[in-house]
Each structure stands twice: as structure tokens, then as C-alpha cells.
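Report on the structure given below.
The values are calculated or read from the model by the stated rules, or taken from the named source; none is laboratory data. Because the structure is predicted, anything quoted here is derived from the model rather than measured. Here the Cβ positions follow ideal geometry from the backbone for every residue, glycine too, while neighbour counts run over all protein chains shown. Heavy atoms of the whole protein, side chains included, go into the accessibility calculation; ligands, DNA and RNA do not. Shrake-Rupley method; radii C 1.70, N 1.55, O 1.52, S 1.80 Å.
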Amino acid sequence: MKKLLIIAFCAFSLSACADDSKIISFDLLPDNAKTLLQQYVDVQQIIAVTQEGRSAWAEYDVLLSDRSQWDFDNKGALESVRVLAGVPNELVPTPIQTTVTKMYPDALIIKYSIDKSDREQEVELNNRIELTFDLSGALKEVDVD
């Protein structure tokens, strides 16, 4: 009986810590996220929109049929975008584009992310190189995946 209670307690604890994500409709995304997506993708390609967390702390992930992924914060600001055919140039700050073009002229940016809490921006190139920049666009680190 004691083992059964311990197992039940562990199962309950794990379920309470489980990821609080749910599938939502495109219409429930914050307006900024909807506007950005409508500008850069065919919304008919969206296969899943998920909300992780609740209300003021929610984050949103959008997955497209071409395997692109767009991640937004609770206000609809872009946190990261991954597009295997290349991230739209307008989404990557000019200093970062300039650095990538100078260092890797034949490479394509397939992922761009911004982490305001770490005060960093990162790009992943189709040649498996990852570059880390500060928020002003100055190169901090180069890494080969």
C-alpha cells in the first residue's frame, strides 16, 4: 500500500509539472504575431499553433508545413524564426546581415533568435555555423555545430 501511495504521489507531481501547452487557433495569437505571419508566410501553410503557459506569461509557437517554426512572446514579439529556405532578410538586423555576408558570403541564415534576458541575438547558417551577437549587432562568438 505504501508503494502504491508513493507511485500515485510521484505521478501526480509529474503531471502538475507537465508542460502547460495547448493547441490554439491562429486567431488567438497576439495581433503583432498575426500581422508578422500574414506579411511573411502563407497562413494556409500553418499546421499548428501552440500556446505555452498562461495569459501574461504565455509564449506561442507556430509550425508550418515546410517545417518552418516561428516563436513569439506573450505580446506577439518575434523571439525566433527558423526557415530552411532562408529567414526573410527584413527580420534580421542589418549589422548581423552585413557580418554574415562578409564572413560567409555563400551561407544562408536559416535561424534567427533574440534573447533579451541574455542580451543576445543568434543566427544559424546553412553551413552549420552559429554566430552570437550582442543586442547592438556586434559579433561575440562563432561556433560550429
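Results, tabulated for the structure shown:
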item: Residue in the stretch 11-45 that is farthest from SER65 (Cα to Cα), counting only those that are at pLDDT 95 or above and among the β-branched types (Val, Ile, Thr); result: THR35
item: Scan of the stretch 87-99 for residues that are surrounded by 13 or more Cβ atoms within 10 Å (Cβ to Cβ) and in contact (Cβ under 8 Å) with a residue 40 or more places away in the chain, ordered by number; result: PRO88, LEU91, PRO93, PRO95, ILE96, THR99
item: Conditions (1) under 22 Å from LEU36 (Cα atoms); (2) at pLDDT 95 or above; (3) of a type outside the set (A, V, I, L, M, F, W, C); (4) in contact with a Leu (Cβ under 9 Å, 6 or more places away or on another chain); number of the one not met by THR94; result: (4)
item: Scan of the stretch 100-130 for residues that are open to solvent by less than 50 Å² (accessible area, probe 1.4 Å) and within 19 Å of TRP70 (Cα to Cα), ordered by number; result: ILE109, ILE110, TYR112, SER113, ILE114, GLU120, GLN121, VAL123, GLU124, LEU125
item: In the stretch 20-60, residue farthest from the chain's Cα centre (by Cα) [restricted to those that are closer than 18 Å to VAL87 by Cα and open to solvent by less than 30 Å² (accessible area, probe 1.4 Å)]; result: VAL41
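Per-residue answers, yes or no, for (1) within 28 Å of ASP20 (Cα to Cα); (2) within 18 Å of the chain's Cα centre (by Cα); (3) part of a strand (DSSP E or B):
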position	(1), (2), (3)
VAL62	yes, yes, yes
ARG67	yes, yes, no
GLU90	no, yes, no
GLN121	yes, yes, yes
GLU141	no, no, yes
